[in-house]
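What follows is a set of notes on a single structure, which appears directly below.
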Amino acid sequence: MSDTNSTLSAFMAETKTEQSFWALQDKTSEDWVVLDSVNFEQTEVMPIWSTESLAVKHCCDEWQDYVPAIITLAEWLEFWIEDLKEDNIVIGINWPVEGDCVEVELSEFSQALAEIETL
């Protein structure tokens, strides 16, 4: 199994129970952390984390004005996909403090979420 597949599988296993995951949102503007992708040209990546504790580790330095914000699977599938698709965003799964991040296409990530969503 590739690093991408194993990272995505582990993320989904952690996310399935709570039916939610975390991203960083600016305290004032409510903008989300999005940055240039290292793996895809002319593409931005939105880092996300399976737990609040993983996300909060990044609320320092350049992201000190951000806080972890929860996103439910239902919200993601209903409201997020279209906007992110229009903006050509990929997803950075459990973005590490150091080292390389696994980035996946929006469609692959959203399909995996749809498979674990409990209705």
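Every read-out reported here was derived from the displayed coordinates using simple, explicitly stated rules and does not represent laboratory data. No experiment lies behind these values; they were computed from the predicted model shown. All Cβ positions, glycine included, derive from the backbone under ideal geometry; neighbour counts span all protein chains shown.
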Inset, instruction - Test VAL38 against the criterion of being closer than 22 Å to VAL97 by Cβ, of a type outside the set (Ser, Thr, Tyr) and surrounded by 15 or more Cβ atoms within 10 Å (Cβ to Cβ), and give yes or no. - result: no
Inset, instruction - Go through region 70-96 residue by residue and tally those that are outside any helix (DSSP H, G or I), more than 11 Å from the chain's Cα centre (by Cα) and either small (Gly, Ala, Ser) or over 18 Å from LEU113 (Cα atoms) (or both). - result: 3
Inset, instruction - With the condition kept exactly as written, say whether any residue in region 107-115 is crowded, with 18+ Cβ neighbours inside 10 Å, touching a helix residue (DSSP H, G or I) at 6+ places or on another chain (Cβ under 6 Å), without any contact (Cβ under 8 Å) to a residue 40 or more places away in the chain and not aromatic (Phe, Trp, Tyr). - result: yes
Inset, instruction - Considering (1) over 24 Å from ALA114 (Cα atoms); (2) crowded, with 18+ Cβ neighbours inside 10 Å, say which one CYS60 fails and leave the rest. - result: (2)
Inset, instruction - Note down all Cβ pairs under 8 Å where the first residue falls in region 38-56 and is in contact (Cβ under 8 Å) with a residue 24 or more places away in the chain and under 21 Å from ASP83 (Cβ atoms), the second is surrounded by fewer than 22 Cβ atoms within 10 Å (Cβ to Cβ) and aromatic (Phe, Trp, Tyr), and they're at least six residues apart or on different chains. - result: MET46/TRP32
Inset, instruction - Only residues in region 73-91 that are without any contact (Cβ under 8 Å) to a residue 60 or more places away in the chain count as the first member; pair them with residues that are in a helix (DSSP H, G or I) and among the aromatic types (Phe, Trp, Tyr), Cβ under 7 angstrom, at least 6 apart or cross-chain, and list the lot. - result: ILE91/PHE109
Inset, instruction - State yes or no: is ILE48 outside any loop (DSSP other than H, G, I, E, B), among the aliphatic types (A, V, I, L, M) and buried (at least 18 other Cβ atoms within 10 Å of the Cβ)? - result: yes
Legend entry - Count - residues of region 10-35 that are surrounded by 11 or more Cβ atoms within 10 Å (Cβ to Cβ), farther than 16 Å from GLY92 by Cβ and of a type in the set (Gly, Ala, Ser): 2
